[in-house]
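Note sheet for the following structure.
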Amino acid sequence: MMEINDVMICNRSDFVALYPEKLITMRTNEHMSDVTWDCDRVMHVSRGTRVVTPIQLQASVNTQRITIIVEEDAHITIHDMSLASVNAEHVNCLVEVIVHDYAQVTFVTLRDQSTFVNERSHLSFHLNNNSMLHYASLLTGNHSMRSSLEVIMHGEHAQADVNGVWLLDGNRVIDMTTLQQHAGAHNTSKLRIKSAVRDHARSIYRGTVHVAVDACGTSAAQENKNILLSEHASACSIPNLEALNNDIYCAHGTAVGQLDAEQLLYMQARGIAYKQAQRMLLQGFLADAIPQFLDEVMRTAYTARIAQWLDR
């Protein structure tokens, strides 16, 4: 067990023994029920805590589960690079984050060149009254991923901002399912995922926005756009809207295409080499999926990894 500045990290069994009243049965049993967890932990952030330094999720095992409980009015930033040092053919990762009233969570995931081949992961956020989520992910590297991401808004007046950048090459496959579930009223969620795909890589995205009967005043947006950079690259995007209330604003959009040939020709006619022109257009395409809420460390990491991928 470790406790620093009102943040406690311990094994799940120890946490349940200490705080049985805080045990919340979430939906994790529905996901990866076939997995035996090598690492099963709980992170607890006390009420009103302001965690200035980002907390790094770290692990050296190939099956891990962690529940993060952020109590009322607490603020925390989490950097998830936990699988970077895992050396295994297959990895399984499940993270659930419970965000209580007026709490704020910034959660950033990086996946790049890895020593494992296949990743299966599930990430869920449970937002209560007036809570706020900032989420960003950058997925590159040489492994394949099957992943699900849920944002479940139980309370009212919660906000969620979800962003993703996928850079795929070789034979890599990303297969992701997202859910923006509006159970309470007057909540706002925005999701934007952009991918650049080349070689024989594949991007598969399925996204659902669900608005419950009582979720009046909902504002929800979902966007998935994909650029194909080679003949054999492919992307499949399937948006879905389930609205059971009329007093809402919802929008979703999807696109799969190539870089604009006329723009490339225009730039080359003005002395810009084809490779550099392609790079500039890709940087512009990805720009609005790199959120402003990233701290300096993560913004530098994003910039460096995107540049490395573009230069290959």
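Quick rundown of the values:
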| read-out | value |
| --- | --- |
| Subset of the stretch 172-188 (residues that are in a strand (DSSP E or B) and surrounded by fewer than 24 Cβ atoms within 10 Å (Cβ to Cβ)) | VAL173, ASP175, MET176, THR177, THR178, LEU179, GLN181, THR188 |
| Residue match in the stretch 8-30 (condition: of a type in the set (S, T, N, Q), at pLDDT 65 or above and within 14 Å of CYS93 (Cα to Cα)) | no |
| One residue from ARG312, ARG305, ARG270 being among the basic types (Lys, Arg), surrounded by 16 or more Cβ atoms within 10 Å (Cβ to Cβ) and out of contact with any His (no Cβ under 9 Å at 6 or more places or on another chain) | ARG305 |
| Scope the stretch 189-213; condition basic (Lys, Arg) and outside any strand (DSSP E or B); matching residues | ARG198 |
| Selection within the stretch 234-271 - over 26 Å from TRP166 (Cβ atoms) and not in a strand (DSSP E or B) | LEU244, ASN245, ASN246, ASP247, LEU265, TYR266, GLN268, ALA269, ARG270, GLY271 |
| Failed condition for MET1, given (1) surrounded by fewer than 12 Cβ atoms within 10 Å (Cβ to Cβ); (2) modelled with pLDDT of 65 or more | (2) |
| In the stretch 41-60, the residues that are farther than 16 Å from GLN104 by Cβ and surrounded by fewer than 16 Cβ atoms within 10 Å (Cβ to Cβ) | GLN56, GLN58, SER60 |
| Residue in the stretch 115-124 that is surrounded by 19 or more Cβ atoms within 10 Å (Cβ to Cβ), over 30 Å from ASP214 (Cα atoms) and at pLDDT 90 or above present | no |
| Residues within the stretch 219-265 that are in contact with an Asp or Glu (Cβ under 8 Å, 6 or more places away or on another chain) and crowded, with 17+ Cβ neighbours inside 10 Å, tallied | 3 |
| Answer from ILE193, ILE204 - the residue that is within 20 Å of the chain's Cα centre (by Cα), modelled with pLDDT of 95 or more and surrounded by fewer than 23 Cβ atoms within 10 Å (Cβ to Cβ) | ILE204 |
| Residue match in the stretch 214-233 (condition: of a type outside the set (A, V, I, L, M, F, W, C), part of a strand (DSSP E or B) and touching a residue at least 60 places away in the same chain (Cβ under 8 Å)) | yes |
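The values are calculated or read from the model by the stated rules, or taken from the named source; none is laboratory data. Bear in mind the structure is a predicted one, so any value in this text is a computation, not a measurement. Cβ atoms come from the backbone with ideal geometry, glycine included; neighbour counts cover every protein chain shown.
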